[in-house]
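Structure first, then comments.
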């Protein structure tokens, strides 16, 4: 079992929750990597080459779909599924671990039904997130449930539980890309940002990142580091970029988006103390300007498009930090909470009367756009989700994203 941590800033960090009766939350399976034979959890073990072929096919299909349909997409092609809101880290910028209305989540059979309904409405890609997704002890089977329906599966994780054995099982089950939060290469900043203490978390995550980057090309999978910039790590852009380049990963830098008061299910914390002010905003604005220059330089391993980086520059240039925009949440993408309720995005409350069970009914409703718009207008806005729409309307943005994923998939960084 994961050892207890104590967060900085007076926040107590508890051990991860014990296994639930329905098997939904626990420390993920740490089985050593299998050389041969079947996986008792997912069935016959496929060859590395076959897994790679399937990943290449699904990614090509995903990008062709977006390229052909473009801005005419009227069904969600992308889903964020919070398979749990539990987490073993205590990031001050995140609200999920603070959620006292925690749900045990869905059983594996219920998730399989959800996957079938997602396929029926046209979903092409699902991102498994949390909380910390790997705290579900059946996370490998969850991955397989979506892959069995022909969906591209991405895993978003803090990396703490990603041993070599678990990573191989996840890749074989169908994880096509893994996104690992890696906000700092310096111990002190890493601990502050993630709400942990000591050296164990930093060492385990750093090791997991290296192992994942080494293993992923075997399976046609990509490894993407994600770093949210703030005053604690803004001067680490170059070393973090070089670290990603050295290990064969890509890296995306993002702004710290802080929510306003509102829906407690919003994944973003609403602590006003997190909002940068004055000179800190100028420093971050210049940091994202430097990232645009880096994006234009040959040999960069940035996964974020120049257009999105420009939005971050505008965000920090605005003293009020306004993030509102005319989004199409619900139409092009959606979010699913642990108990299976449906949201137009991670920043809005559930849509009354709809769950994974009647998802096809929602997208058969001729008035669904009015339903979605009701929730869009109450949202704080965002920047990070814009990339899901940019690739549908901007061929340059789509090409850039496609090249990034191809480089990650074939280890060409």
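When segment 331-342 is filtered for residues that are buried (at least 19 other Cβ atoms within 10 Å of the Cβ), in contact (Cβ under 8 Å) with a residue 60 or more places away in the chain and either in contact with a strand residue (DSSP E or B) (Cβ under 9 Å, 6 or more places away or on another chain) or in a helix (DSSP H, G or I) (or both), the ones remaining, listed by number, are 332, 333, 334, 335, 336, 337, 338, 340. If you go through segment 91-106 and pick out every residue that is modelled with pLDDT under 95, over 17 Å from the mean Cα position of the chain (by Cα) and either closer than 20 Å to residue 330 by Cα or crowded, with 21+ Cβ neighbours inside 10 Å (or both), you end up with 1.
Within segment 93-106, can you find the residues that are without any contact (Cβ under 8 Å) to a residue 60 or more places away in the chain and farther than 30 Å from residue 233 by Cβ? Of everything in segment 93-106, nothing turns out to be without any contact (Cβ under 8 Å) to a residue 60 or more places away in the chain and farther than 30 Å from residue 233 by Cβ. Restricting attention to segment 391-413 and to residues that are in a helix (DSSP H, G or I) and surrounded by fewer than 18 Cβ atoms within 10 Å (Cβ to Cβ), the residue that is modelled with the highest pLDDT turns out to be 393. Of the helices (runs of 4 or more DSSP H) contained entirely in segment 107-220, those carrying at least 3 residues that are without any contact (Cβ under 8 Å) to a residue 40 or more places away in the chain fall at 108-121, 139-147, 187-194, 200-215.
Considering segment 343-379 alone, what residues qualify as being in contact (Cβ under 8 Å) with a residue 40 or more places away in the chain, buried (at least 20 other Cβ atoms within 10 Å of the Cβ) and assigned to a loop (DSSP other than H, G, I, E, B)? Those that are in contact (Cβ under 8 Å) with a residue 40 or more places away in the chain, buried (at least 20 other Cβ atoms within 10 Å of the Cβ) and assigned to a loop (DSSP other than H, G, I, E, B): 345, 346, 347, 348, 379. Only residues that are surrounded by fewer than 20 Cβ atoms within 10 Å (Cβ to Cβ) and either in contact with a helix residue (DSSP H, G or I) (Cβ under 6 Å, 6 or more places away or on another chain) or over 27 Å from residue 90 (Cβ atoms) (or both) were counted in segment 142-188, giving 6.
The values are calculated or read from the model by the stated rules, or taken from the named source; none is laboratory data. As the structure is a prediction and not an experimental result, all values here were calculated from the model. Don't worry about glycine lacking a Cβ; one is built from the backbone with ideal geometry, like all the others, and counts go over all protein chains shown.
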